[in-house]
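Structure, as structure tokens:
The values are calculated or read from the model by the stated rules, or taken from the named source; none is laboratory data. Model, not experiment: these values are computed from the prediction. Here the Cβ positions follow ideal geometry from the backbone for every residue, glycine too, while neighbour counts run over all protein chains shown. Calculation scope for accessible area: heavy atoms of the full protein, side chains included, ligands and nucleic acids excluded. Shrake-Rupley method; radii C 1.70, N 1.55, O 1.52, S 1.80 Å.
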Amino acid sequence: MVSETQSANDAFENLRLELRRGSLVIAVLAALRDERYGYTLRKTLAEHGIDIDESTLYPLLRRLETQGLLSSQWREEEKRNKRFYRINSSGEQVLERLLAEWRSIDASLDAVLNNRNTPEEVHGPR
Amino acid sequence: MDLVNRYLQAVEFWLPTNLKRDIIAELSEDLHAQIEEREAALGRPLASAELEDLLKQRGAPIVVANSFLPQRYLIGPLLFPVYLLVLKIALLGFLVPWVLTFIGLVVFDSAYHNGWVAHSWLQNAESLWGSLWNSAFVAIGIVTAIFAVLERFQPKTHFLETFEPKSLPAIRKTAVIPRIGTSVELAVNVVLAVWIAFSLTSPVVYDSPNLRITLALHWYLFFLAWLAVVLVSGAVSATNLIYPYWTRRKVLIRFLSECFGGIMFSWMLSTHIVAQLSITNLLPERCAWLVSRINYWGARGVPVALSIFLVIAIANAWIHLRTIDRAKYSACIPSPTT
């Protein structure tokens, strides 16, 4: 029984991470509408309930920059060299399209769930 | 901070040269920012244990470095099943002939034979295992190297991803045993059974004006055993004709009867089974010499004969068991109850 629960928990954790992976790109692109460096970006996301560890964030930033969606520059601030990131115009366009896709998936999911559930389950008891 | 620098150095070691500087600078900045924030919250410098915890949370240096790199494979997930299949075929096609050749050399080549007899059982096993392992290692190495090269080409050519639906192989009806094959098998078994039954009446198994072969007096023991094997095989063929599906029971019966037949044949070879040979225009002394050579090589050939029979029996059983498994998981082919 314990192993079944454990395996269900493991499966949930894997699926949760998979589900979050795509949405992290949207969150990072949206957060970088304001210029930030890695550490403050991570903190900003965490404040909004999106925890992301360094080993995920920095490779993601690097990939988005390679894909031409972000621009970065090294600059000194508070006596330390920091790399500042900001979304560029291509990134803005891609973000808009991703958001549209996100909303479309959300609406479709809603429709699927509403179709399956009873009205009480969807809207609560009347 | 010595610990942080050591950590950064360890991460740097696993990074490609062109990325080292950039990644380490950013990682260093992030680490220092986190440490400063933690120290500000505590109002004191971090203790060594706290710093260790912080670095542990970041992950092992090789893991952190790897997260910055694209996923790389020696053999990727797409090619891997093909690799495994080819590896199995290569090992089977390479090692089985190798073992048979080795046995053949030990039996027929006097130098190998003397060397084998001169050493203890353990020494021989050690030497056999050593050479077998070397051969297997080379076979695995060659297959792996070829697939590693193919892996480099696959993303460029997509040769595994292109296919034509019409060129797909037709559905295999492997679950059904073809009745024509079974009929031929049954006919052969009947002819063999009749011939063996007749041969049981006299040790002269072949008698023509030019050639006469007489077996030793214990011939009937082996012929009786073969008659039993042929009858069992015929019975399996007859049931296959009525119910043309392999079942585990049928496979087991056939496997056991094939093994038994093989053991009896090999045993017979070792018992100087040929008693007399008469050939027209050949002196009796010459015929006697021929009989002794046949019996001598027959006895020397026992391990080879035994190995061949065993390989055939195992291969047949494996093929039939796979047929049963395929039928079980095939939606469009009726599956027999086993």
**Prompt:** Leaving out ligands, DNA and RNA but keeping every protein chain, what accessible area does A:Asp51 have, in Å² rounded to the nearest 10, with a 1.4 Å probe?
**Reply:** 110 Å²
**Request:** Treating only the Cβ atoms of Lys and Arg (+1) and Asp and Glu (-1) as charged, compute the dipole magnitude of the range A:2-88 about its Cα centre; round to the nearest 20 debye.
**Result:** 500 debye
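Roughly what % of DSSP beta bridges within chain B run antiparallel, to the nearest 5?
About 100 percent, rounded to the nearest 5.
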**Message:** Test of understanding: given chain B, find the longest segment containing no chymotrypsin sites (Phe, Trp or Tyr not before Pro) that are in a DSSP loop and have at most 12 other Cβ atoms within 10 Å.
**Reply:** B:164-338
**Request:** Measure nothing but the geometry: give the 0 to 90° angle between the long axis through the Cα atoms of B:248-269 and the longest principal axis through the Cα atoms of chain B, rounded to 10°.
**Result:** 60 degrees
**Item:** Nearest-ten-degree value, helix B:48-58 long axis tilted from longest Cα axis of chain B
**Value:** 60 degrees
**Asked** Within the range A:1-51, which trypsin sites (Lys or Arg not before Pro) sit in a loop by DSSP and count at most 16 neighbouring Cβ atoms inside 10 Å?
**Response** A:Arg33
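Compute, for chain B, the length of the dipole vector about the Cα centre, with Cβ point charges of +1 (Lys, Arg) and -1 (Asp, Glu) only. Units Debye, rounded to 20.
On the way: 26 positive and 22 negative charges, 357 e Å.
I would put it at about 1720 debye.
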**Complete:** Of all trypsin sites (Lys or Arg not before Pro) in the range B:50-116, the ones in DSSP coil with at most 11 other Cβ atoms within 10 Å are B:Arg72
**Kyte-Doolittle at least -0.5, axis length at least 15 Å by Cα - qualifying DSSP helices, chain A** = A:2-31, A:54-66, A:89-116
**Message:** Among the listed pairs B:Lys166/B:Lys250; B:Lys20/B:Lys88; B:Lys56/B:Lys156; A:Lys82/B:Lys56; B:Lys56/B:Lys88, which have their C-alpha atoms separated by more than 32 angstrom in this model?
**Reply:** B:Lys166/B:Lys250; B:Lys20/B:Lys88; B:Lys56/B:Lys156; B:Lys56/B:Lys88
**Message:** Between the range B:125-162 and the range B:244-306, what is the separation of their alpha carbon centroids in Å?
**Reply:** 39 Å
**Prompt:** Taking only Cα atoms, what is the 0 to 90° angle, nearest 10, from helix B:302-329's long axis to the longest principal axis of chain B?
**Reply:** 60 degrees
**Request:** Using the 2.2 N^0.38 Å rule of thumb for compact globular proteins, work out how the range B:20-103 stacks up: its C-alpha Rg over that value, please.
**Result:** 2.12
**Fill in**
In whole angstrom, the spacing between the Cα centers of the range A:17-96 and the range B:24-77 equals 17 Å
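Expressed as a rounded percentage, what relative contact order does the range A:2-88 have, with Cα pairs under 8 Å and six or more residues apart?
28 percent
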